[in-house]
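Below you'll find the structure, written out as C-alpha cells, and then a few comments.
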Amino acid sequence: MANDEQKPVAKKKVAKKTVAKKAASKKAPAKKAASAPQASSAAGNGSKAANAGRMRVTLIKSLIGTIGHHRDTVRGLGLRRLNHTVELEDTPATRGMVKKVQYLVRVEKG
C-alpha cells in the first residue's frame, strides 16, 4: 500500500539538437596545402633521402606470455606476426615504443 502513496517521478526533458546546432558542429574540412613539390624532390634524390628519418622494426619474439601493455605497444607499431617487418618514421614517440618492447623486436636504420 506504500506504493500508492508515492508520487510519480517526472521525467526530465532532453533538449534535442536543432538543425543549426548540427550544422555548426559539422565543420568543413580545411584544405591542405599542396606538398607535392617537397615529396617529389625527396624521392628524386635517391633512396637515402627517401628513407631519411625512417627505421625498420621486425617482431622476432612471440607475444605469448608477455605483459598486456607490451602486446598493445607491438600492435601499435603495426607488427602482426613473427618476422613481420614495418617501416616507421623515426620520431621520439616511435623510439619510446620500441624501447619499451626492445626484447621483442629488432630495429634497423633507414
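Since every read-out is calculated from the coordinates, none of them should be taken as a lab result. Worth saying up front: this structure is predicted, and the values here are computed from it rather than measured. Don't worry about glycine lacking a Cβ; one is built from the backbone with ideal geometry, like all the others, and counts go over all protein chains shown.
Using the basic label-point model (7 angstrom from Cα toward the beta carbon), what is the Asn83 to His70 distance in nanometres?
For Asn83 paired with His70, the spin-label model returns 2.2 nm.
Label-point separation (nm) for Arg95 and Ala10, each offset 7 Å from Cα along Cα-to-Cβ?
6.2
Can you check what the net charge comes to around Gly68, using other residues whose Cβ is under 15 Å from the Cβ of Gly68 (Lys, Arg +1; Asp, Glu -1)? Walk me through the numbers on the way to the answer.
Numbers: positive: Arg71, Arg75, Lys100; negative: Asp72.
After counting each charged neighbour, the total is +2.
What nm value, rounded to one decimal, do you get for the distance between Tyr103 and Ile60 when each label is placed 7 Å out toward the C-beta?
Going from the Tyr103 label point to the Ile60 one covers 1.5 nm.
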